[in-house]
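Nothing in this text is a laboratory measurement; each read-out follows from the coordinates by a stated rule. Predicted model, so just to flag it, every value in this text is computed and none were measured. Backbone-built Cβ (ideal geometry, glycine too); neighbour counts: all protein chains shown.
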Amino acid sequence: MIDINSAEFVISNTDPALCPDDNKPEYAFIGRSNVGKSSLINMLTNKRKLAMTSSTPGKTTLINHFIVNHSWYIVDLPGYGFAQRDKKRKKQIRNVIERYIEERQQMTCLFLLIDLRHDPQAIDLEFMRYLGENGVPFCIVFTKADKLKGGEQKPKLQRYIDALKKEWDELPPYFVTSSEKRIGRKELLSYIEEINLSISQTENTSSIN
Ligand code: GTP
Ligand code: MG
């Protein structure tokens, strides 16, 4: 398995056009506010303070790029669906997210985070439909597994899978994680490694031809 030898903050902004343009593959983390995106990034990179986390929802408001092993990016995106009073602000954030997703060619896979404790929420199911309509490759990452007792995890997961099967013929890959207990790290990093390898093989082949 790849391990992460280095992970550094590169840039934060709201405009996808101003994100790094060196064409390295990137993996973005999205989901409702407070679902654990920034915590997961810190867990994956073994850096407790790389991405800013908070118990107050809405902490991340920008597109944040982190370079890993000098060769690929992790992107921390703002959370969606945070029940803010400020509707204009909410719309601005949604706009940042959608522009990033629709314009960013090097975004190789989007990890959609879902709190394993909760029943399927309309806002997440709608977001998946939006991804499907736009042909965005994504995986589901269930978070905060440590907050459920061992015996509760499987039925919760099954319930979610059943809900997804109602509208999707093919399920996206999914992972069960806990940043607190460091569950799912190996699986996620192996998945990313596979994609990175397939990209570099394609690049090698096209440079030979
Ligand atoms: P926004 O940036 O506001 O959209 O939130 P976020 O999705 O980045 O969430 P963040 O990582 O800041 O975590 C939100 C809260 O959940 C924090 O209090 C974290 O400590 C807690 N948290 C995140 N992941 C886990 C986990 O795996 N287990 C437990 N028990 N708590 C977690
Ligand atoms: Mg965050």
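The table below gives the values:
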item	result
Additional length obtainable on full extension of the chain from residue 92 to residue 18, 0.36 nm per residue less Cα span	25.0 nm
Proximal aspartates and glutamates relative to residue 147, as straight alpha-carbon distance under 15 Å, when same-chain residues fewer than 8 apart are discounted	115, 119, 180
Fully extended contour minus Cα-Cα distance, from residue 52 to residue 199, at 0.36 nm per residue	50.0 nm
HN-Hα J in Hz across the range 55-69 - Karplus 6.51, -1.76, 1.60, θ = phi - 60°, x for Gly and Pro	7, 8, x, x, 5, 8, 10, 10, 8, 10, 9, 10, 9, 10, 6
Prolate/oblate/rounded call for the chain, Cα gyration tensor, a/c under 1.5 rounded	rounded
Taking the convex hull of Cα positions in the range 44-134, its mean projected area over all directions (nm²)	7.2
Dipole in debye (nearest 20) - the chain, about Cα centre, beta carbon charges: Lys, Arg +1; Asp, Glu -1	1200
Rounded Å value of the spacing that divides the Cα centres of the range 43-105 and the range 118-179	19
Of the DSSP H helices in the chain, those whose Cα atoms cover at least 18 Å axially and whose Kyte score averages -1.0 or more	185-208
Long-range amide H partners of residue 7 with built H, under 5 Å	69
Theoretical FRET efficiency, 1/(1+(r/R0)^6), r = Cβ-Cβ of residue 180 and residue 105, R0 45 Å, to 0.05	0.85
